[in-house]
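S.K.: I have a structure I would like to understand better, so I am pasting it below and will then ask my questions one at a time.
Since every read-out is calculated from the coordinates, none of them should be taken as a lab result. What you see is a predicted model, and the numbers here were worked out from it, not measured in a lab. Using ideal geometry, Cβ is built from the backbone for each residue, glycine included, and neighbour counts are taken over all protein chains shown.
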Amino acid sequence: MSEVDIELGRKKLAWARAHMPIHAILRERFHRDPPLKGVTVAVCSHLEAKTGVFIETLAAAGAEVVFTGSEPHSTQDDVVAALNEQPGLTGYARHGADEASFQASHMAVVEHRPQFILDDAAELTARLAHHRPDLLPGLIGTCEQTTTGVRRLQAMHAEGVMAFPSYAVNDSPMKHYFDNVHGTGESTLSNIAQCTNLLLAGKQVVVAGYGYCGRGLADKARGWHAQVTVTEVEPRRALEAHMNGFRVASLAQAAAWGDLFITATGNPEVIRAEHFEAMKDGAVLANAGHFNIEIDTAALESMAEAVREVRPGIDEYRLSDGRCINVLADGRLANLASPGAMGHPAEVMDQTFATQIMAAVDLVARREELGTGVHPVPDSVDRSVATLKLESLGIELDRLTHRQSRFEEAWRIDDIRAGE
Ligand code: NAI
């Protein structure tokens, strides 16, 4: 195993810190009044520098923080080492860990008996509920930052397994309008470009799924002058993509013309054998959705005569008819698991993680009144993060006048006229 460069980890953290102004404001506030004092908080996320700053800010809020990775390939060992040297932080994660050690890291975190979990895809929460249900009574709550995780928590609640409140940070405007759209959009395209060293301009790009991530990917690919096709299963989203000027088709159709395919659906086997059969020689496939399930690489492997790595992070599958299909990052998240991938830009993660922290602080304070189940992040919390960001950018907002506020609230005809 190569030696970990802890100094590089420190530098990565310092760069991220310098570009996460909301966290700087929060750290200063928490210094005066630490809202998570004495709470053991577990973090499960992609372990790179921005997550590191998030973890540091939770510690500044008074929490004892224990952390682990949500994806073995996105863990950066130098950042983990630079966090582990700080007081109040304990991490268990290693880049490229096999399934057994990945699970062991999660269980090591669970053994710290977390009172709060800030989770990704509800991985840690599900592990605690499944393997250590005796710890559930000690869990104040969780915050969840992914679409997949919110769905899993809802499934747990429907089965009566959930014994705590959770905030669906993923569904908050501050998350999906910025992180999913701009974060996933920019970081996925830039990592694909870096990994392949190929041009996007003029290419036929097929985006599977026109949700928040898909919208960002499709818009930005168009901004890079690609010709973009969207595939969908939801009629209103398909119509929206059509009216936003994209070509909309089934994947069975688009398979024939795509040069680059990007999945962002959250569903398994979106690109599968029937699509590989129709693809052009040299097609490139990347996933920006959930884990490594959206591209059926097992089916592709069984169809292939030979598989070889043609560039770091690109596997070429040679089919019996001579066509080659290229898969990036083993079908894992291209913006996080391709070589040199750095995940979302720092400014967008500043917002997402600040929303997580503010939601956690709110949930801990309101633990008695919030019932078991998945709750939306209170609008006041979400707005406060946007306000802090605008402040840090020096952008001023207008305020409703008294008359405008009265007009918005009125329903009696006389009151409405008085407000006009
Ligand atoms: P969303 O629910 O807004 O959008 C998903 C879209 O995919 C929906 O419109 C749905 O109708 C469509 N869809 C589902 N199955 C499909 C299929 N077989 N073919 C075509 N379309 C299909 O979800 P969002 O927020 O866009 O997230 C999508 C995925 O991306 C989730 O798994 C989420 O966890 C992940 N994600 C990844 C990030 C990254 O860093 N790469 C960041 C944020 C989210």
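S.K.: Which order do peptides 129-141, 46-58 fall in by mean Cβ count within 10 Å, highest first?
M.R.: 46-58, 129-141
S.K.: May I ask you to give the average projected area over all directions of the convex hull of the Cα atoms of the chain, in nm² rounded to one decimal?
M.R.: If I average the Cα hull's projected area over directions, I get 23.8 nm².
S.K.: Separate question: Cα centroids of region 21-93 and region 281-307: how far apart, whole angstrom?
M.R.: Computed from Cα coordinates, the inter-centre distance equals 34 Å.
S.K.: How much length would be gained if the chain were fully extended between ALA18 and LEU390, taking 0.36 nm per residue of separation minus their Cα-Cα distance, in nm to one decimal?
M.R.: My answer for the length gained is 132.3 nm.
S.K.: List the residues, sorted by chain then number, that are 5 or more residues from LEU118 or on another chain and whose placed amide H is less than 5 Å from its amide H.
M.R.: ALA42, VAL43, CYS44, CYS143
S.K.: Could you compute the net charge surrounding ALA221? Neighbours are other residues with a C-beta less than 14 Å from the C-beta of ALA221; K and R count +1, D and E count -1.
M.R.: Taking every other residue near ALA221 into account, the sum is +2.
S.K.: Another one. Along the Cα→Cβ direction, 7 angstrom out, place labels at LEU198 and ASP321. What is the inter-label distance in nm?
M.R.: Using points 7 Å along Cα→Cβ, the separation is 1.8 nm.
S.K.: List the extent of the Cα atoms of region 1-147 along each of their three principal axes, largest first, rounded to whole Å.
M.R.: 42, 39, 29
S.K.: Could I ask something else about it? Most exposed first by the Cβ proxy, i.e. fewest other Cβ within 10 Å, how do ILE395, ILE314 rank?
M.R.: The order, fewest Cβ neighbours first, is ILE395, ILE314.
S.K.: Taking amide hydrogens as modeled 1.01 Å from N in the peptide plane, which residues meet the under 5 Å criterion relative to ASN267, leaving out close sequence neighbours?
M.R.: Counting only residues 5 or more places away or on other chains, the set is HIS290.
S.K.: With +1 on each Lys and Arg Cβ and -1 on each Asp and Glu Cβ, how big is the dipole of the chain about its Cα centre, in debye rounded to the nearest 20?
M.R.: 700
S.K.: Using the Karplus curve 6.51 cos²θ - 1.76 cosθ + 1.60 with θ = phi - 60°, what ³J(HN,Hα) values do you get for each residue of region 33-45, in whole Hz, with x for Gly and Pro?
M.R.: Ordered by residue, 3J(HN,Hα) equals 8, x, x, 10, 4, x, 9, 7, 10, 9, 10, 10, 7 Hz.
S.K.: Using a Förster radius of 35 Å, what is the FRET efficiency between SER250 and GLU309 based on their Cβ-Cβ separation? Nearest 0.05, please.
M.R.: So, using R0 = 35 Å, E works out to roughly 0.65.
S.K.: Mean residue ellipticity at 222 nm from the helices of the chain, using -39,500 (n - 2.57) per DSSP H segment of n ≥ 4 over the full residue count, to the nearest 500 deg cm²/dmol?
M.R.: -13000 deg cm²/dmol
S.K.: Place +1 on the Cβ of every Lys and Arg and -1 on the Cβ of every Asp and Glu in the chain, take the dipole about the Cα centre, and give the residue among GLN227, ASN335, ALA93 whose Cα lies farthest towards its positive end.
M.R.: Going by the charge dipole, the pick is GLN227.
S.K.: Oh, and also: If you rank CYS324, CYS195, CYS44, CYS143 by fewest surrounding Cβ atoms within 10 Å, what's the result?
M.R.: Arranged by neighbour count, lowest to highest, CYS324, CYS195, CYS44, CYS143 become CYS324, CYS195, CYS143, CYS44.
S.K.: Then there is this: Can you pull a Stokes-Einstein diffusion coefficient for region 328-377 at 20 °C (1.002 mPa s), Rh from Kirkwood over Cα pairs, as a whole number of µm²/s?
M.R.: Estimated via Stokes-Einstein, D reaches 158 µm²/s.
S.K.: Now for a separate question. Give the lysines reachable from LYS12 as a straight Cα distance under 16 Å; neighbours fewer than 8 places away on the same chain don't count.
M.R.: Partners within reach: LYS50.
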